[in-house]
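All remarks here apply to the structure that follows.
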Amino acid sequence: MSVEKKNIFLHDTNTSISYVSRSTPVEKKYPQRENSKAHAMFIERKLNECYERSATQKQVAAIRYKEGVYLEFSSAVKHDLAIKSLENRTQGIRLLNVKTDEETGTIRATVYIPAGKESYFIKKIEAYSSEVTEKGIPKHNDLVRSIDDIRVAMLDSFWIGKPEDIPNEVAQWCEVWIRYDNLFLENALTDISECCRTLEIDIDHNKLIFPERIVHLIKANKPQLSNLISCCEYITEFRRASEPTSFFDTLYGEEQQEWAEELLNRTEFMDSNSSVC
């Protein structure tokens with residue numbers, strides 16, 4: 001015989017406690033520039049050299065060249081880079097990826113600057129050199145003093161993962177990550193498709209869509225990846241495609257056992273009180 005049970009309701013059990021954040025802001029470590037004018041001259045010269053090099057590349061390019069330019073900004077060794085200041089979406093200037101060199105502690109950020117916006121950083125550098133704030137600090141101090149070098153972004157600027165995984169002359173399946181926003185989604189998809197067709201790169205039109213990023217699989221070699229950077233203005237990064245593991249499902253039990261034994265033979269086990277939940 002079933003017994004009817006009533007629900008238990010609890011009343012007046014909550015207590016309000018004022019919330020106080022215990023987190024403390026992380027202080028950025030930017031290099032001290034003893035001579036702001038000299039540093040500004042150096043960075044501005046590097047920036048202009050990049051623009052000149054990009055213009056030369058466009059003139060001699062045998063393919064349709066993108067309108068803007070990809071630049072790589074580098075921090076000083078074991079110092080921070082003012083990453084947030086490298087992007088201005090209203091100007092179309094986009095931060096694409098950020099990497100840290102574990103050996104040197106150098107931070108590298110790849111940035112896209114659209115055509116017509118080349119003066120954006122130059123104006124900030126000039127203000128850093130000639131103007132000060134009410135506190136007597138050079139304008140845009142954190143941004144400019146954090147930059148130690150600038151160069152035209154190359155394939156290694158976009159590659160995420162081990163450098164030795166970059167394809168050589170033999171085409172390999174890679175992930176290409178492209179940026180988009182809701183207004184230019186179709187532009188990004190059309191651009192990557194047309195560039196791949198021009199460069200004779202195989203592209204899998206199945207895609208993963210994340211907020212602000214789309215991932216396609218492409219089969220390309222090193223020269224094709226470099227040309228894709230020259231052609232397409234929506235690229236943010238490349239990665240080596242993961243090897244598919246679906247073939248395990250088609251193996252016979254004996255074959256699966258062989259794979260399991262092979263894994264065990266190269267596995268080292270350590271005594272530990274840890275648990276996996």
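The values are calculated or read from the model by the stated rules, or taken from the named source; none is laboratory data. If you're wondering where the values come from, they're calculated on a predicted model, not measured in any experiment. Backbone-built Cβ (ideal geometry, glycine too); neighbour counts: all protein chains shown.
In table form, for the structure just shown:
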read-out: Residue within region 119-139 that is more than 23 Å from Cys50 (Cβ to Cβ) and either buried (at least 19 other Cβ atoms within 10 Å of the Cβ) or under 17 Å from the mean Cα position of the chain (by Cα) (or both) present; value: no
read-out: Checking Asp149 against (1) exposed (fewer than 13 other Cβ atoms within 10 Å of the Cβ); (2) in contact with a helix residue (DSSP H, G or I) (Cβ under 8 Å, 6 or more places away or on another chain), the condition it does not meet; value: (1)
read-out: Any chance Ser226 is of a type outside the set (Lys, Arg), surrounded by fewer than 19 Cβ atoms within 10 Å (Cβ to Cβ) and part of a helix (DSSP H, G or I); value: yes
read-out: For Glu67: the one exception among (1) closer than 30 Å to Ala188 by Cβ; (2) without any contact (Cβ under 8 Å) to a residue 60 or more places away in the chain; (3) in a loop (DSSP other than H, G, I, E, B); (4) not aromatic (Phe, Trp, Tyr); value: (2)
read-out: Lone unmet requirement of (1) surrounded by 10 or more Cβ atoms within 10 Å (Cβ to Cβ); (2) closer than 30 Å to Val176 by Cα; (3) of a type in the set (S, T, N, Q) for Thr245; value: (1)
read-out: Residue pairs meeting the criteria (Cβ under 7 Å; at least 6 apart or on separate chains; first in the same structural domain as Arg145 (by TED's automatic domain parsing) and modelled with pLDDT of 95 or more, in region 40-57; second surrounded by fewer than 16 Cβ atoms within 10 Å (Cβ to Cβ) and assigned to a helix (DSSP H, G or I)); value: Glu44/Ile122; Leu47/Ile122
read-out: Criterion: in contact with an Asp or Glu (Cβ under 7 Å, 6 or more places away or on another chain) and either farther than 29 Å from Glu67 by Cβ or assigned to a strand (DSSP E or B) (or both) - qualifying residue of Val215, Val170, Val176; value: Val215
read-out: Scope region 15-54; condition under 29 Å from Cys231 (Cα atoms) and out of contact with any Leu (no Cβ under 6 Å at 6 or more places or on another chain); matching residues; value: Ile43, Glu44, Arg45, Lys46, Leu47, Asn48, Glu49, Tyr51, Glu52, Arg53, Ser54
